[in-house]
Amino acid sequence: MPRQGLNRQSIVSAAIRLIETEGLHRFSLRELARTLHIKTASLYNHIGSADELHTEIGYYAIARMKEVQLAAIQGKTGDEAVEALADAYYRFGKERPELYKVILSLPMVKNDAIHKAGFDIVEPIMAAMAGYHLTEEQMMHLQRVLRSIMHGFLSQEEAGCFRQFPVEVSDSYRMAVRGFLLLLHSFGNEAST
């Protein structure tokens, strides 16, 4: 008999809390069941599989990241929008590192729906670059470049790779984003000629 008050959404919410407090690497269905004071098998009264739960957590993480990015670029265009988006992405990765790791783990999940939901992360990036008169192919390449810059900084910083020099990491990050803007302008100029 399912425990009263326990349902699919409460399990997903508990899983998200557990991941954010204990870390994605320590997350397991056994640990989730322990925090809910139930047997692991009881989880299957509400979820079909571990992959299904991971997918639900993925949807949540993607939605939160998209929300943060869209809020950052609202009412902004051009360089201001791209800089705001880059700041929001970086801030999300720093403030919600475990949810960020969930997003990075989603390509491993064998679920076409979650892969399609991954486009939601790219949507704000494309919106921020919309005013640069880029071709569709250029947009595809440039969103990859920007995502690589943003993720590269987060992963390098987390690994401790920036500790050896006494300069502010956030200043380096802003320099990288400004460098990207120069690239973006050069492509925009090519497209308009």
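A short reminder: the numbers here are calculations on the coordinates, not readings from a lab. Nothing here was measured: the structure is a model prediction, and the numbers come from that model. Methodologically, a virtual Cβ is constructed for each residue, glycine included, from the backbone with ideal geometry; neighbour enumeration extends over all protein chains shown.
Summed over qualifying helices (DSSP H, 4 residues or more, each -39500 (n - 2.57)) and divided by its residue number, the chain shows a 222 nm mean residue ellipticity of -23500 deg cm²/dmol. As a rough footprinting exposure proxy, the listed residues Leu146, Leu29, Leu53 were ranked by other beta carbons within 10 Å of their own, and the order from fewest upward is Leu29, Leu53, Leu146.
Could you give the angle, 0 to 90 degrees to the nearest 10, between helix 8-22's Cα long axis and the longest principal axis of the Cα atoms of the chain? Roughly 70 degrees, rounded to the nearest 10. Rounded to whole numbers, the Karplus 3J(HN,Hα) couplings from phi for segment 122-136 are 7, 3, x, 5, 5, 5, 5, 9, 4, x, 9, 6, 9, 6, 4 Hz, using 6.51 cos²θ - 1.76 cosθ + 1.60 with θ = phi - 60°, and x at Gly and Pro. Dipole of the chain computed with +1 at Lys/Arg Cβ and -1 at Asp/Glu Cβ about the Cα centre; of Tyr89, Ser49, Ala128, farthest Cα towards the positive end is Ser49. When all alpha carbon pairs of the chain are counted in 10 Å bins from zero, the resulting P(r) reads 8, 31, 29, 19, 9, 3, 0 %. The charge dipole of the chain, taken about the Cα centre with unit charges on the Cβ atoms of Lys, Arg (+1) and Asp, Glu (-1), comes to about 820 debye, rounded to the nearest 20.
When only alpha carbons are used to place a centre, segment 1-75 and segment 93-124 end up 14 Å from one another.
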